[in-house]
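The values are calculated or read from the model by the stated rules, or taken from the named source; none is laboratory data. The model shown is predicted, which means the values in this text are computed figures rather than measured ones. Here Cβ is always computed from backbone atoms with ideal geometry, including for glycine, and neighbour counts include all displayed protein chains.
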Amino acid sequence: MRTYRELSFERISGRFIYEPLSGQLIRRFSSGKIRELTVARERIGEGRCVVADVVFSGYLIKATHIIFMLMMERWPKPDCQIDHRDGDVFNCRWDNLREAAAAQNKASPGRRNNADAGLEKGVYWREGKYQVLIRAGGGFKSFGHYQDKEEANAVAREAIKDEFSYAASRTRRRTLKPTRPH
């Protein structure tokens, strides 16, 4: 086998148990023992948390990919990630996970350094004002500077929603085949 994606559902489901309501991932060993696995960990020296890797059959597999395989009986698409809707990598309940393209994953709310200051994603404190700066189309797009934090937060929420909807609609249009009149 060259990649973990060649591991079958039968093989994965024979060694792992997933509780969708609690988000627990449990490993079954050939000895009959079971152990709850850590689904996320803090990245040392960076102060941020990431999805944990699980060692199985000589491969490092993300815990969320195993969860996805157990629920959907397939691996996530190669160009997709498993996104935590609420941005909390420790919350692996099934209703909080989704298969998402990288752009969708970045658009999700997440735990950010400015979250403690009550700032939305894309809002930054710069030079005595709140700047709204959203990543879109491979770069950044500025939505202005604001004195009021709540106004900046509202602009950021709307900008993310609009930019994300626009990108999704462009993607959808490209994939649809034009119909020819008969």
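Some observations on this one:
- Output for region 7-62, where each listed residue is loosely packed, with under 12 Cβ neighbours inside 10 Å and either small (G, A, S) or not assigned by TED's automatic domain parsing to the domain that holds D95 (or both): S8, G14, S22, S30, S31, G32, G45, G47, G58
- Every residue from region 31-70 that is of a type in the set (S, T, Y) and at pLDDT 90 or above: S31, S57, Y59, T64
- Filtered by the rule that a residue be within 12 Å of F16 (Cα to Cα) and among the charged types (D, E, K, R), region 55-75 gives no residues.
- Any hit, region 63-81, residues being charged (D, E, K, R), surrounded by 11 or more Cβ atoms within 10 Å (Cβ to Cβ) and not in a loop (DSSP other than H, G, I, E, B): no
- Test set (1) modelled with pLDDT of 80 or more; (2) assigned to a helix (DSSP H, G or I) - E163 fails condition number: (1)
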